[in-house]
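Student: Below are the structure tokens for one structure; questions will follow.
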Amino acid sequence: MAFLEINQVRKAFNQNVVVQNVDLAIERGEFVSFLGPSGCGKTTTLRMVAGFELPTAGTIRIDGKDITHLRPNQRNVGMVFQSYALFPNMTVAENVAFGLKVAKRPAAEIGPRVDEMLNIIKLPHLAGRYPYQLSGGQQQRVALARALAIKPQVLLLDEPLSALDAKIRVSLREEIRSLQRKLGITTIYVTHDQEEALSMSDRIVVMNEGRVDQVGAPFEIYNQPKTRFVASFVGTLSVLSGTVVDAASGVLDVGGQKIVAGRGFPNAKAGDACAVSLRPEAARLEGFGGQGATTNMADHAERNRLQGTIEEVAFLGSVIRIKVRLGDNILSLDTFNNPGVTPPERGAKATVTFSPADLLVLEGV
């Protein structure tokens with residue numbers, strides 16, 4: 001039995017169904033991210049676990065106990081909000097102590113616990129300040145300490161870093177993950193930021209239009225997406241449209257050029273329209289900075305080759321992203337920046353190569 005069970009949970013507001021029969025089993029101590037675009041149902045699902053929304057149908061259990069219809073203060077969960085939600089008239093220490101006082105913990109327990117939490121978030125010197133005297137990152141640390149002070153069974157975080165600048169977000173997400181591992185607390189983290197989800201999670205739940213499209217480890221979600229939505233939402237993806245030439249062997253025609261998809265087309269026949277996709281790091285630009293060159297002639301012979309024209313070159317620092325036009329298709333590829341090699345120019349002819357095994361043939365397209 002999983003520590004947190006969400007069984008066939010559904011939520012509708014009048015006739016508008018926002019969460020559709022979500023089934024999840026989360027283990028004790030696991031860090032799980034709900035990832036998806038705005039309106040996909042991830043925050044509503046989180047709020048049902050917290051008790052701020054009641055499911056229209058289904059059950060939620062923590063450690064075997066049915067909490068589906070319990071009020072928020074009857075559930076041992078801690079929640080960190082996107083807006084921090086600190087009390088402006090309370091000091092940092094008073095904010096951290098708030099949940100303990102509501103739970104009527106003895107004063108002899110509250111003081112040491114507040115000190116402990118402030119030390120964990122490395123802000124003991126700011127105990128007497130008010131929220132307006134803190135930076136955004138400091139306020140979010142205080143909100144996290146307040147949620148953890150009550151020793152919750154489950155920690156819920158609703159896009160807690162979205163209001164912070166990029167550098168602080170990276171630093172704070174590392175701190176959150178380190179703290180979660182140290183405490184061993186079961187955590188659900190809601191985000192629309194794929195990099196956050198990929199870097200922090202034990203598993204990712206990708207949601208789309210109220211449904212769970214895929215659940216898996218970050219490596220699996222990125223490299224083995226099950227639907228076009230997952231593949232396109234998680235990471236950058238090039239989609240190549242073409243026509244099946246030989247379904248069994250995976251041969252397809254893309255704008256008059258033939259390539260091979262390693263997995264074939266089990267549900268298609270010759271002449272069917274098809275679409276395959278490719279990650280930018282899987283493609284190489286032949287003749288550019290060694291890209292596409294190989295000492296293994298067998299590997300070179302097996303790689304797909306497509307002729308096209310450089311459409312765009314974007315310098316992203318350590319990475320250069322190149323877009324190549326292939327008739328009606330655009331293919332993106334990434335290569336590491338090499339200061340000794342000048343990037344190709346727009347309009348130049350180009351040959352893109354990639355392995356048949358790297359072409360993704362998606363379900364539900």
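The values are calculated or read from the model by the stated rules, or taken from the named source; none is laboratory data. This is a predicted model, so every value here is computed, not measured. Every residue, glycine as well, gets a Cβ built from its backbone with ideal geometry; the counts of neighbours run over all protein chains shown. The area values use the complete protein model at the heavy-atom level, side chains included, leaving out ligands, DNA and RNA. Shrake-Rupley method; radii C 1.70, N 1.55, O 1.52, S 1.80 Å.
Student: Within segment 306-327, how many residues are farther than 23 Å from residue 234 by Cα and either surrounded by 16 or more Cβ atoms within 10 Å (Cβ to Cβ) or at pLDDT below 90 (or both)? Working first, answer last.
Tutor: Residues of segment 306-327 farther than 23 Å from residue 234 by Cα: 306-311, 326-327.
Filter once more, keeping what is either surrounded by 16 or more Cβ atoms within 10 Å (Cβ to Cβ) or at pLDDT below 90 (or both): 306, 308, 310-311, 326-327.
Selection size over segment 306-327: 6.
Student: Another question, if that's okay. Criterion first (assigned to a loop (DSSP other than H, G, I, E, B), out of contact with any helix residue (DSSP H, G or I) (no Cβ under 8 Å at 6 or more places or on another chain) and not basic (Lys, Arg)) does residue 160 satisfy it? Show your work before the answer.
Tutor: Values: assigned to a loop (DSSP other than H, G, I, E, B): yes; out of contact with any helix residue (DSSP H, G or I) (no Cβ under 8 Å at 6 or more places or on another chain): no; not basic (Lys, Arg): yes.
Considered against the rule, which asks whether it is assigned to a loop (DSSP other than H, G, I, E, B), out of contact with any helix residue (DSSP H, G or I) (no Cβ under 8 Å at 6 or more places or on another chain) and not basic (Lys, Arg), residue 160 comes out as no.
Student: Could you say whether any residue in segment 129-148 is surrounded by fewer than 16 Cβ atoms within 10 Å (Cβ to Cβ), more than 32 Å from the chain's Cα centre (by Cα) and touching a residue at least 12 places away in the same chain (Cβ under 8 Å)?
Tutor: yes
Student: Would you mind stating whether residue 4 is modelled with pLDDT of 95 or more, under 14 Å from the mean Cα position of the chain (by Cα) and not hydroxyl-bearing (Ser, Thr, Tyr)?
Tutor: Numbers: modelled with pLDDT of 95 or more: yes; under 14 Å from the mean Cα position of the chain (by Cα): no; not hydroxyl-bearing (Ser, Thr, Tyr): yes.
For residue 4, the condition - modelled with pLDDT of 95 or more, under 14 Å from the mean Cα position of the chain (by Cα) and not hydroxyl-bearing (Ser, Thr, Tyr) - is not met.
Student: How many residues does segment 199-216 hold that are more than 30 Å from residue 116 (Cα to Cα), open to solvent by 40 Å² or more (accessible area, probe 1.4 Å) and under 12 Å from the mean Cα position of the chain (by Cα)?
Tutor: Number of matching residues: 1.
Student: Report, ordered by the first and then the second residue, all pairs with beta carbons closer than 6 Å, sequence separation of six or more or different chains, a first member in segment 179-192 that is over 15 Å from residue 81 (Cα atoms), and a second member that is surrounded by fewer than 17 Cβ atoms within 10 Å (Cβ to Cβ) and of a type in the set (Lys, Arg).
Tutor: As it stands, the answer is 186/28, since those pairs meet every condition given.
Student: Further question: Taking segment 32-74 as the region of interest, how many residues are crowded, with 19+ Cβ neighbours inside 10 Å, in a loop (DSSP other than H, G, I, E, B) and in contact (Cβ under 8 Å) with a residue 40 or more places away in the chain?
Tutor: Number satisfying all stated conditions: 4.
Student: For residue 96, work out the one condition from (1) open to solvent by 50 Å² or more (accessible area, probe 1.4 Å); (2) over 30 Å from residue 38 (Cβ atoms); (3) hydrophobic (A, V, I, L, M, F, W, C) it doesn't fulfil.
Tutor: With respect to (1) open to solvent by 50 Å² or more (accessible area, probe 1.4 Å); (2) over 30 Å from residue 38 (Cβ atoms); (3) hydrophobic (A, V, I, L, M, F, W, C), residue 96 is out only on (1).
Student: Please go through (1) open to solvent by 40 Å² or more (accessible area, probe 1.4 Å); (2) among the polar types (S, T, N, Q); (3) outside any loop (DSSP other than H, G, I, E, B); (4) under 27 Å from residue 27 (Cβ atoms) for residue 82 and return the number of the only condition it doesn't satisfy.
Tutor: Among (1) open to solvent by 40 Å² or more (accessible area, probe 1.4 Å); (2) among the polar types (S, T, N, Q); (3) outside any loop (DSSP other than H, G, I, E, B); (4) under 27 Å from residue 27 (Cβ atoms), residue 82 violates only (3).
Student: Mind checking which residues of segment 199-212 are touching a residue at least 40 places away in the same chain (Cβ under 8 Å) and either on the phi < 0 side of the Ramachandran plot or of a type in the set (S, T, N, Q) (or both)? If you could, list the steps in order and put the result at the bottom.
Tutor: In the first step, residues of segment 199-212 are kept if they are touching a residue at least 40 places away in the same chain (Cβ under 8 Å); the result is 200-212.
Across segment 199-212, the qualifying residues are 200, 201, 202, 203, 204, 205, 206, 207, 208, 211, 212.
Student: Within segment 14-29, which residues are without any contact (Cβ under 8 Å) to a residue 12 or more places away in the chain and either in a loop (DSSP other than H, G, I, E, B) or within 23 Å of residue 151 (Cβ to Cβ) (or both)?
Tutor: Pass one, segment 14-29, residues without any contact (Cβ under 8 Å) to a residue 12 or more places away in the chain: 14-16.
The answer is 14, 15.
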